[in-house]
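The values are calculated or read from the model by the stated rules, or taken from the named source; none is laboratory data. These numbers come from a predicted model, not from an experiment. All Cβ positions, glycine included, derive from the backbone under ideal geometry; neighbour counts span all protein chains shown. Heads up: the accessible areas ignore ligands, DNA and RNA and are worked out on the full protein's heavy atoms, side chains in. Shrake-Rupley method; radii C 1.70, N 1.55, O 1.52, S 1.80 Å.
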Amino acid sequence: MSHIWTGGHATPVLCAGVSSESEHMVATGAEGGELTLWSHDGSPVSKLHLSADDDVTCVAFSPSTPCMLYASHARTVSVLDTRNLKTAVTQLADVGEEEINWLSVNESGALLAAADDSGAVRVVDLQLEKVIRTLRKHDNICSSVTFRPHRPQSLVSAGLDMQAMLWNLPKVRPLWTFSLQEDAHPQRAGQMFNPPLAHCVDAASCGNVFACAAEDGCIHLLRVSEDSRLRERGMFKAHSQGASQAHFISFLSHPYWLATGGNDGLVALWDLSEDALVANERKRKSRKKKPKARAKAVSQVQNQKQQMSGEEAEAGSASSSSETHGKTVPKLSFNHGEKVNWVCPAVLKGKPSLLVTDQSSSPSVYSLDAL
């Protein structure tokens with residue numbers, strides 16, 4: 001059963017965000033320029049109309065300054081202080097070349113990335129309040145972008161051109177591009193074709209594993225090495241219709257829990273810790289641990305062997321990385337019943353939860369206590 005939050009919006013809620021501080025603050029954006037801050041019990045705390053004509057398409061909190069909130073509407077980003085939401089601190093005009101779809105703030109809080117309908121990713125220096133880089137490679141709408149944890153100059157983007165791309169600033173060319181079509185399921189005769197248009201991309205807290213939700217109903221997984229090379233990829237069928245959302249959860253038992261939502265009205269929670277792709281990342285991290293002093297000499301020899309075998313494994317995975325992981329099943333699922341616009345993991349009143357928005361004006365909250 002879900003708990004419905006009411007009274008915050010009069011129009012369909014399009015997006016949601018949560019701050020990184022211990023008392024997770026929740027913000028939602030809706031059609032018609034509506035922005036609302038909520039208490040943990042689902043009571044609206046503050047409301048603001050950012051625009052009479054334009055929808056609030058994305059909200060993002062600053063990881064370094066949790067009271068700072070960024071909200072996109074049309075080509076503009078409003079900068080807000082949640083301690084006083086009566087008006088925007090400032091408005092960053094013309095951040096997007098066309099309507100902005102997604103915002104991401106890096107860990108230092110210095111840079112903001114905006115993905116827009118033109119296919120561009122614009123990078124804003126938040127101190128200078130101006131666009132300092134335009135990353136242009138997508139051939140269609142860029143639907144999603146996220147900065148990588150621990151790498152404030154690196155970000156991954158995905159779009160309706162069915163491409164995922166990794167960027168390292170200040171370069172304006174991607175390190176690599178990957179077509180989700182390479183791993184798409186073959187279609188049976190007479191079966192409707194749903195191309196893997198990418199709607200959402202997220203990075204796990206390790207910074208090396210990405211999940212991309214696509215129109216084919218699959219979650220496409222990508223893993224990179226420490227030098228950011230694409231080493232491994234996989235996928236699993238998550239939804240019977242298009243998958244619109246995929247977000248890693250940082251506050252559960254390990255960082256490879258993934259929440260997804262889709263056009264089939266399903267909200268699901270997946271444990272990817274045993275997935276072969278994630279297992280390889282865990283093995284790589286374990287090889288980096290320093291040996292104990294009392295066994296230093298032996299450990300150094302073993303470490304060299306492990307490093308050599310690790311490099312061989314990395315090289316092998318780069319050439320044979322098209323394995324499809326089809327046996328993944330959700331650990332928890334909710335039949336939301338409506339097409340999902342946004343899924344936002346949050347700790348509410350001390351309990352792990354998922355905040356879900358759809359075409360209604362009321363967000364829903366699902367408890368993860370069953371885990």
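List of remarks:
- In this label model, Q359 and C67 are separated by 4.0 nm, measuring between points 7 Å along each Cα→Cβ vector.
- Heavy-atom accessible surface of H40, to the nearest 10 Å², is about 40 Å², with a 1.4 Å probe and all protein chains retained.
- One decimal place: the segment L252-S205 gains 15.7 nm when fully extended, by the rule 0.36 nm per residue minus the C-alpha distance.
- Label-reachable residues, region 1-18, where backbone N falls under 20 Å from a point 7 Å from D369's Cα toward its Cβ: 1-6
- Share of carbon and sulfur in the accessible heavy-atom surface of the chain [1.4 Å probe, %]: 48 percent
- Residue-normalised accessible area of the chain, given per residue in Å² at a 1.4 Å probe: 44 Å²
- Legend: calculated FRET efficiency, S43 to K130, from the Cβ-Cβ distance at R0 = 41 Å, rounded to 0.05, equals 0.65.
- Column: log10 I(q)/I(0), Debye, Cα scatterers of the chain, q = 0.07, 0.08, 0.11 Å⁻¹: -0.30, -0.39, -0.74
- The charge dipole of the chain, taken about its Cα centre with unit charges on the Cβ of Lys, Arg, Asp and Glu (plus for the first two, minus for the last two), comes to roughly 2020 debye.
- Across the options S118, W167, I132, the greatest Cα extent toward the positive end of the charge dipole of the chain (unit charges at beta carbon of Lys, Arg, Asp, Glu) belongs to W167.
- Value of Rg to Rh for region 37-116, rounded to two decimals, is 0.96; Kirkwood radius and Rg both from alpha-carbon coordinates.
- Note on region 190-270: dipole from Cβ charges, positive end direction compared against L269, P255, G242; the farthest Cα belongs to P255.
- Tensor-based shape of region 219-265 (alpha-carbon gyration tensor, a/c under 1.5 rounded, otherwise prolate or oblate): oblate
- Anisotropy class of region 116-165 from Cα gyration tensor, a/c 1.5 cut: oblate
- Simple spin-label estimate for K349 and T6 gives 1.7 nm between the two label positions (7 Å along the Cα-to-Cβ direction from each Cα).
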